[in-house]
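Where a number appears in this text, it was derived from the coordinates with a stated rule and is not lab data. Keep in mind it's a predicted model, so treat the numbers as computed, not measured. No Cβ is skipped: glycine too gets one built from the backbone with ideal geometry, and neighbour counts run over all protein chains shown.
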């Protein structure tokens, strides 16, 4: 009995030995690549990411204008000023509203248009290109274009209102309306990116499943809600992740559009950092804002990935 077990174990041990040798060979083959490419990448990451982050955290405890060496240690005073600052609270609220609009309006709009242009309709490729073009446009250029469009004296909006004999509004100069005008530009600018994500996801949906749903008599809405949408789950979660993180980093488009005004009504966290930290030569204060923004981004990113994307 024991001899039989020993003989039967020989092929198993031989297979295990071969597996170990193959794994060892793979490790030895990978090691030179790691030694060659990893140190330069780590060096670049350390110099351009880790060190600036550490410096910003250190400067945030000083009252420093950026000239010379920081000498006036003020502890956590910059952080106390941040959370008492009304413009910072407005920027935080604005970023929250941008995230909400991105999730509730921009992503559903992108999914709806992606569903339409994915079907074999005439000119589908042209429509995809048309809707994706705003995303390709540089953020600064988009901000300048829409600043002209919204201009109440010479812009497109002024021309439309004047054509109907009405006085043109100055939306970007009205603190009650300016932020909503910015929200419209944000949806226009970025929904094409999410649309292309959904187009790629829809092309991977198994057509046989949809055909089976047709045979079962499912309506178009039932097929979308019960078949297509669940199969797009990972794409939707990825799209929401990009929308949240991207919304926290808005800067290039808002500065030429409104500059954060009027009366700080269109400030975001990044424009607040620039306006109150860089422009006013309060580098210590701006560094503290950067640290707060970094913490918010990291907490949201890791929490979202851990809760919603752990199986993706």
Rounded to whole Å and ordered largest first, report the semi-axes of the equivalent ellipsoid of the range 148-193 derived from its Cα gyration tensor (root of 5λ). 22, 13, 7
Could you work out how far apart the two model spin labels at residue 147 and residue 119 are, taking each label as a point 7 Å from the Cα in the direction of the beta carbon, and quote it in nm? 4.2 nm
Name the shape class, rounded, prolate or oblate, that the alpha-carbon gyration tensor gives for the range 257-312, where a ≥ b ≥ c are the square roots of its eigenvalues, rounded holds for a/c under 1.5, and otherwise prolate holds if a/b is larger than b/c and oblate otherwise. oblate
Quarter of Cα convex hull surface for the range 177-257, i.e. mean projection, nm²: 6.6 nm²
Tell me the relative contact order for the chain as a rounded percent, counting alpha carbon contacts under 8 Å between residues six or more apart. 27 percent
Residue exposure sequence - 112, 73, 64 - by fewest surrounding Cβ within 10 Å: 73, 112, 64
Could you give the length gained on full extension between residue 137 and residue 303, defined as 0.36 nm per residue of separation minus the Cα-Cα distance, in nm? 56.6 nm
Longest principal axis of the chain (C-alpha) makes with the long axis of helix 124-136 (C-alpha) an angle, in degrees to the nearest 10, of 60 degrees
A correct fewest-to-most ranking of 221, 58 by other Cβ atoms within 10 Å would be 221, 58
How much length is gained on full extension from residue 30 to residue 44, taking 0.36 nm per residue of separation minus their Cα-Cα distance? 2.9 nm
Relative to the longest principal Cα axis of the chain, at what angle does helix 86-101 sit, 0 to 90 degrees, rounded to 10? 50 degrees
Tell me the label-point distance for the pair residue 234, residue 162, using the 7 Å Cα-to-Cβ offset, in nm and rounded to one decimal. 5.4 nm
Regarding the range 102-206, what are the three Cα extents along the principal axes, ordered largest first, in Å? 53, 27, 23
Rounded, prolate or oblate: which one fits the range 25-182, using the alpha carbon gyration tensor with axes a ≥ b ≥ c (rounded when a/c is under 1.5, else prolate when a/b beats b/c, else oblate)? oblate
Given a Förster radius of 51 Å and the C-beta distance between residue 73 and residue 177 as r, what FRET efficiency does 1/(1 + (r/R0)^6) yield to the nearest 0.05? 0.70
Spin-label pair residue 218/residue 103, simplified geometry with 7 Å Cα→Cβ offset, distance in nm: 2.6 nm
What do you get for the angle between helix 107-118 and the principal long axis of the chain? Use alpha-carbon atoms, 0 to 90 degrees, nearest ten. 60 degrees
Name the shape class, rounded, prolate or oblate, that the alpha-carbon gyration tensor gives for the range 216-312, where a ≥ b ≥ c are the square roots of its eigenvalues, rounded holds for a/c under 1.5, and otherwise prolate holds if a/b is larger than b/c and oblate otherwise. oblate
Compute the FRET efficiency between residue 58 and residue 225 as 1/(1 + (r/R0)^6), taking r as their Cβ-Cβ distance and R0 = 45 Å, and round to the nearest 0.05. 0.30
Packing-based exposure ordering (other Cβ within 10 Å, fewest first) of 191, 127: 127, 191
I need the semi-axes of the equivalent ellipsoid of the range 86-308: take the C-alpha gyration tensor, multiply each eigenvalue by 5, square-root it, list largest first in whole angstrom. 36, 25, 13
